[in-house]
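The values are calculated or read from the model by the stated rules, or taken from the named source; none is laboratory data. Computed from a predicted model, the values in this text were never measured in an experiment. A quick note on method: Cβ atoms are made from the backbone with ideal geometry, for glycine too, and the neighbour counts reach across all protein chains shown.
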Amino acid sequence: MIILIIGGSASQKLAANVAKELGETLCPLETKKFPDGERYVRIKGEVEKNVTVIQSTGFPQDENLIELLFILRTLKDLGAEHIKVVVPYLGYGRQELRFKDGEAISAQLVSNLIEESGADEFISINLHEDSVRDFFNIPTANLSAMAPIAEYIADKVENPIIIAPDKGALGFAEEIAEILGCNCTYMSKVRLGPDKVETRIVDVQCDFDSEDLDKVKKDSKVNIDSVAGKEAVIIDDIIATGGTIVNAIGILKEHGAKSVDVCCVHPVLVNDAVLKIMAAGARDLSSTDTLKSDVSCISVAKLIADALR
Ligand code: R5P
């Protein structure tokens, strides 16, 4: 079965690498912006019955999303029968609920638009909330990038302890710690506003066996000093302003961590986030290539290719 791979302008290199992994054809696509800002899309290759479209919808979110919708609808018009849509990073994915009265449930509308434009399957990577999949009526998958991230850490750090900068990231830290056979722990974070977070050390626990994790989660005993002399690696799904990571680095340094490396799945990296993180004392900052950035050195191409096989 021939599968045509199309990479939207946000994910061209990733799409090319996925096509290479699979030995499938990469379809040429012309995209441009008209002088008034409107988007133009033209599919230049011959459309097969089975097509996979790869396009993240990060910044500029609206443009990348509309481009994806144009591609999907055009493929259907041109005879595609089954379209798998891979959105490695789903923009608007964090607004899956009406947190305050009157708010738009953006993740829901975005999901509906993707499906209605022609998607027959939807695949994403570490969705901020897995429940976003419930907005779709088509088969969906939420892949985890922790295996390629763990492989990267294993090459760089001899004896790591994996740190989740908030409780929500503990699952990622656990996944990596299990792959690497090392310890993991988490910090407690309170978000005070979109670009302000406060991180507390109250929940930091180190030096426990993975079997004890459930006990550790319930236990509030502070044991922060056990990061002293250790090579800490912070893992999060998204780094946006960098506030969460800067706080975590500060705490780890203050308590004697030998080094602090930082990894994330989606490098949203708003404004000077990279600078802030490096200035806070990170030894290394790396992410996957779900979004293009200066630090996107861990490829998810094989992860996506395996899911498409
Ligand atoms: C929040 O729940 C996420 O997992 C990240 O911790 C958050 O998006 C990071 O945001 P920022 O870099 O702005 O602190």
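Among Phe99, Phe172, which is in a helix (DSSP H, G or I), aromatic (Phe, Trp, Tyr) and within 16 Å of the ligand (Cβ to nearest atom)? Answer to the selection: Phe172. Scanning the range 148-169 for residues that are crowded, with 16+ Cβ neighbours inside 10 Å and away from the ligand (no atom under 11 Å from the Cβ) yields Pro148, Ile149, Ala150, Tyr152, Ile153, Val157, Pro160, Ile161, Ile162, Ile163. Selection of first residues in the range 95-123 that are more than 20 Å from Glu81 (Cα to Cα) and of second residues that are aromatic (Phe, Trp, Tyr) and in a loop (DSSP other than H, G, I, E, B), restricted to Cβ pairs under 6 Å at least 6 apart or on distinct chains, gives the following pairs, ordered by first then second residue: Ser106/Tyr92; Ala107/Tyr92; Val110/Tyr92. Each residue in the range 69-87 was checked for being under 18 Å from the mean Cα position of the chain (by Cα) and either touching a residue at least 40 places away in the same chain (Cβ under 8 Å) or in a helix (DSSP H, G or I) (or both), and 1 of them qualify. Taken over the range 1-35, residues that are within 25 Å of the chain's Cα centre (by Cα) and of a type in the set (Lys, Arg) amount to 2. On the stretch given as the range 51-62, residues that are farther than 13 Å from Gly118 by Cβ and either assigned to a strand (DSSP E or B) or in contact (Cβ under 8 Å) with a residue 60 or more places away in the chain (or both) total 4. Within the range 113-127, the set of residues being in a helix (DSSP H, G or I) and over 27 Å from Asp236 (Cα atoms) comprises Leu113, Glu115, Glu116. Each residue in the range 232-271 was checked for being within 11 Å of the ligand (Cβ to nearest atom) and hydrophobic (A, V, I, L, M, F, W, C), and 14 of them qualify. Checking the condition assigned to a loop (DSSP other than H, G, I, E, B) and closer than 24 Å to Thr288 by Cβ, which residue from Leu65, Leu90 passes? The match here is Leu90. Looking only at residues of the range 247-276 that are under 21 Å from the mean Cα position of the chain (by Cα), in a helix (DSSP H, G or I) and crowded, with 23+ Cβ neighbours inside 10 Å, we find that the one that is modelled with the lowest pLDDT is Ala248.
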